[in-house]
Amino acid sequence: MADLSTSFLGIRSPNPFWLASAPPTDKEYNVQRAFEQGWGGVVWKTLGEGDPVVNVNGPRYGAIHGPDRRLLGLNNIELITDRSLDTNLEEIARVKRNWPDRAMIVSLMVPCEEDSWQRILKMVDQTGADGVELNFGCPHGMSERGMGSAVGQVPEYIEMVARWCKQHSRLPVIVKLTPNITDIRYPARAAKRGGADAVSLINTISSIVSIDLDHFAPTPTIDGKGSHGGYCGPAVKPIALNMVAEIARDPETWGLPMSGIGGITTWRDAAEFIALGCGTVQVCTAAMTYGFKVVREMTSGLSEWMDEKGYRTIEDFRGRAAPNVTDWQYLNLAYVTKARIDQDLCISCGRCHIACEDTSHQAITNMVDGRRRFEVIDEECVGCNLCVNVCPVENCITMERIAGVDPRTGKPIPDGYSNWTIHPNNPMRRETMQFAPEPVRLPDAAE
């Protein structure tokens, strides 16, 4: 049976599933119940200094639903903990004493002043917590006060605060990155320069999920007004995976430990983040949607998949996908595919034909010999796989690699590997070839 236990920055937990810093980790009662259900660790909801923040007393969430009412994305305007610092610290210490085998990370957010960080770090150190997470990601409320993503968008600030924290605490330091930035590599590099032990990503995306057309205000609506908030849930997973991959393959951040966050709802989601190099994953929206018991499905599903694949621990597959993420210019242009429709599975709905006919390459018939039938026209098919994605029947349409001559172009398909850096149509191909980090096939003299 697969061993799901993890050691992230030396912090051990029975599995890689941690609850992210959010409402589910705001108090001892919640965290106690979470641990009873099997969560491997928590990141306690963000602590601040001074008087507690004041949250709105009305709606705090907006949502995007699918046709079946399934929650696809959640927007929130809640701030950091509105409970006193002393109360939070007492509960953190008590929970850690009662659950010594679970990871206890404390999220922190205070002004960019060294004394403020030094004071709160000293107090957290005394709780017995395993590490701290610097919240440089929150895009609303606190960012307007010069904290949260206001810090995370300035690499120099990230480096400065990370360095302070390493100087003033014995605990591992995780920097939580904001996705509200053009290039995630720069804040990750800054965190590493500042001595951070790891990064976690992504935090929520600045967003307005909808407008109430009766009140003409963003949702959630507070007395006729609304504000941007932080977007999370399954809808942000593709953005999170891309940013994790960027850090995993950046020469300046290779090997930097990562805790993956962003729309993780199933064991498969978690496995994808781990495959890109994450040592743990953090979950929020799934727990808020389905309750703490959802972790049971996550752990059992991941364990069963690992057993099926022959992976004994998560280290056996962690990071294996990262080397396969590349830039477009290095994709193999000699890899030519055509769509294939399984007529035994086809239900003749016609969605593939309509999608291809109206929006792509007119490469699928709707009539053959006077009868309704959907077949691929190889001479027109570019292998884009749109038909695969709109087909309602799984595996009815597949993509098949072909060799020899491409019926669409009438030209021989090159053997092996060829990419844009050496393509005759590339006006910069000689210059590009000098810096190509991946193997390239030089053209024959006859070409």
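The values are calculated or read from the model by the stated rules, or taken from the named source; none is laboratory data. The model shown is predicted, which means the values in this text are computed figures rather than measured ones. Here the Cβ is made from the backbone with ideal geometry for all residues, glycine too, and neighbour counts use every protein chain on show.
Scanning region 326-351 for residues that are β-branched (Val, Ile, Thr) and at pLDDT 95 or above, we see that the one that is nearest to Pro251 (Cα to Cα) is Val336.
Report whether or not Asn395 is part of a helix (DSSP H, G or I) and either exposed (fewer than 13 other Cβ atoms within 10 Å of the Cβ) or touching a residue at least 24 places away in the same chain (Cβ under 8 Å) (or both).
no
Looking at region 96-116, which of the residues that are in contact with a helix residue (DSSP H, G or I) (Cβ under 6 Å, 6 or more places away or on another chain) and charged (D, E, K, R) is surrounded by the fewest Cβ atoms within 10 Å (Cβ to Cβ)? Applying the filter and picking the extreme gives Glu114. Here Trp305 meets each of (1) at pLDDT 95 or above; (2) buried (at least 18 other Cβ atoms within 10 Å of the Cβ) with one exception, condition (2).
May I ask you to list the residues in region 318-352 that are touching a residue at least 40 places away in the same chain (Cβ under 8 Å) and of a type in the set (D, E, K, R)?
Within region 318-352, Arg318, Arg320, Lys338, Arg340, Asp342, Arg351 qualify.
Considering (1) crowded, with 24+ Cβ neighbours inside 10 Å; (2) over 24 Å from Cys138 (Cα atoms), the lone condition that Ser7 does not fulfil carries the number (1). If you filter region 170-213 down to residues that are in a loop (DSSP other than H, G, I, E, B) and out of contact with any Gly (no Cβ under 8 Å at 6 or more places or on another chain), you find that the one that is farthest from Val110 (Cα to Cα) is Leu213.
Return yes or no: is Lys225 under 17 Å from Asn75 (Cα atoms) and modelled with pLDDT of 95 or more?
Values: under 17 Å from Asn75 (Cα atoms): yes; modelled with pLDDT of 95 or more: no.
Here the answer is no, as Lys225 does not meet what is asked.
Whenever a residue of region 265-276 is without any contact (Cβ under 8 Å) to a residue 40 or more places away in the chain and over 9 Å from Met298 (Cβ atoms), its partners that are small (Gly, Ala, Ser) and surrounded by fewer than 24 Cβ atoms within 10 Å (Cβ to Cβ), lying with C-beta atoms within less than 8 angstrom and at least six residues away or across chains, give the pairs Arg268/Gly301. Within the set Arg189, Arg163, Arg119, the sole residue that is surrounded by fewer than 24 Cβ atoms within 10 Å (Cβ to Cβ), modelled with pLDDT of 95 or more and within 19 Å of the chain's Cα centre (by Cα) turns out to be Arg189. Counting only strands (runs of 3 or more DSSP E) that sit completely within region 214-295, those holding 2 or more residues that are in the same structural domain as Pro14 (by TED's automatic domain parsing) and touching a helix residue (DSSP H, G or I) at 6+ places or on another chain (Cβ under 7 Å) correspond to 258-261.
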